[in-house]
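Reading through the structure tokens given below for one structure.
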Amino acid sequence: LANTAIGVGCLSFPYSYRLGGVVGGFLMSLVIVSLMGYSLISLVTCAQYYRAPSYQALVQNSMKGNLGKLLSTFFGIVLFFYQYGSLVAYQIVVGDVFPPLLKLLLGEDSFWCTRWVVITLPAVFIVLPLSLARTLGALSAISVFSLIALGYTAVAILVCSSVMIGSDPRDDIDWGVKFNSKTLQALPMMAFAFQCQVTVIQIFTELQDHPTPEQGGGASLDVSPSSDDHAGPAGGDTLEAPLLPPSAESSANAWKLRTMTKVIVFALMNCWAGYTMMGVAAYLAFGDEIESDALKAFPNSSIALQIARVMMGLNTGLVAYPVNLFPARQALSMLIDQAKGVTPDAIPDSTSKHLLLTLGIFMPALLLSLCVSDLGQVFEIIGGTAGAILVFILPSSIRLCYEYDKSNQLDRDHCRHSKLRRCFNILTSIFMLCLGILLFVHTVAAPF
């Protein structure tokens, strides 16, 4: 889960502090990470209730009927282009980070330092085989590298920034809360640095459904309602109900949801701690001169920072890429099935279809990354539009549908407690929905 979130977005945190000030940036990061946690927990809770094995299936199951099918198709298109833009950006990062470093080792005129060689060879021989994995669990071994890369980069930036602050303190630091027309730009930067909504349901689906026999568990389960979430309305893509006694089923479902909640909190807090260290330290070191990519501000003479560049380049280009290709392939497969009139996920993709879908996404993304060297502005537009829909607007809308459906199943003996919790969830979802719409409108209106 952390591997999905950790990418080039974390390097923009210092710039977010420049836009919001030290206290302002810190408060905004707390609000954003809290909302992201609520968004992720809402998605897995609703996925269990509606028995949805994917984000796209959840959209269709929760909103039902023709509206659900229409929004599911719209979601698939938005998700595909959002993930496709991310894949292209990841390869561009590889092309930006490694050629200068290789030239120091191999010389300016070396063939192996050519941008297209640096991007193509690792992509074909390392990234593509990893991208052919059928489950995210198969990528768990390389996912550990993301936390290592983030931890090292955060410490390297903190140490180097501390040296610079001690030798040459800045006088352009805003220690308070800065609020102007540019402050709002910090919100999508911070939000998309934590973005892992597109894979959280798949990770939840693959999570062990109950404790192992040694821990007191029983047979395996598929996604199904939690202990206090009775079976939700069936529709669209669903997983089969487990053949277990109701009490065992409820206990296993509750355990799975609690475990996933701990996973979400642990992943987000680790990311937030690393991002905050980088953000505050780099901003204090460079002040208003900090760039949107924090590593570009540091001198190339620092070996520690060169290693950090390599680790973040490897993480974004070689590790995060196959993880983020997974939901893009899943969305494209479901769109094709819907166009054919086949129930998505009813039949697992054949090996040939899986290979063709992977190559159909991988090759165009690779070619585009070779032709374009700067997707910064385009990526910002994709993040502020498609990202706002995926991260804020859809999760809050799904949660509101969930609360409406659950309101018809409230037990009168627990009505007061349920109403208070439901009121909190509704108000939080409405706030998150309004924030998503605000970011979307701001991004679309910015050029004008």
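Would the stretch 368-375 turn up any residue that is open to solvent by 50 Å² or more (accessible area, probe 1.4 Å), under 30 Å from residue 32 (Cβ atoms) and either at pLDDT 80 or above or assigned to a helix (DSSP H, G or I) (or both)?
yes
Hey, which of the helices (runs of 4 or more DSSP H) in the stretch 254-351, taking only ones fully inside, have at least 3 residues that are touching a residue at least 60 places away in the same chain (Cβ under 8 Å) and under 23 Å from the mean Cα position of the chain (by Cα)?
Fully inside the stretch 254-351 and qualifying: 303-314, 320-340.
Consider residue 122 against the criteria (1) farther than 17 Å from residue 399 by Cα; (2) within 18 Å of the chain's Cα centre (by Cα): it satisfies all of them except one. Which criterion is unmet?
(2)
Checking the structure you have, find out if any residue of the stretch 104-126 is part of a helix (DSSP H, G or I) and under 26 Å from residue 280 (Cα atoms).
No.
Out of 92, 165, 119, 157, which single residue is crowded, with 18+ Cβ neighbours inside 10 Å, aliphatic (A, V, I, L, M) and farther than 24 Å from residue 196 by Cβ?
119
Could you tell me which of the residues 102, 27, 106 is at pLDDT 90 or above, open to solvent by 10 Å² or more (accessible area, probe 1.4 Å) and more than 15 Å from residue 394 (Cβ to Cβ)?
27
Given the residues 218, 176, which is the only one that is at pLDDT below 50 and either among the small types (Gly, Ala, Ser) or at positive phi (or both)?
Only one candidate passes the filter, namely 218.
Under 6 Å between Cβ atoms, which residue pairs at least 6 apart in sequence (or on different chains) link something in the stretch 423-447 that is at pLDDT 90 or above with a partner that is of a type in the set (S, T, N, Q) and buried (at least 16 other Cβ atoms within 10 Å of the Cβ)?
Filtered contacts from the stretch 423-447: 429/396; 432/396; 433/396.
The values are calculated or read from the model by the stated rules, or taken from the named source; none is laboratory data. No experiment lies behind these values; they were computed from the predicted model shown. Every residue, glycine among them, receives a Cβ derived from its backbone with ideal geometry; neighbour counts consider all protein chains shown. Areas reflect the complete protein model, heavy atoms only, side chains present, ligands, DNA and RNA absent. Shrake-Rupley method; radii C 1.70, N 1.55, O 1.52, S 1.80 Å.
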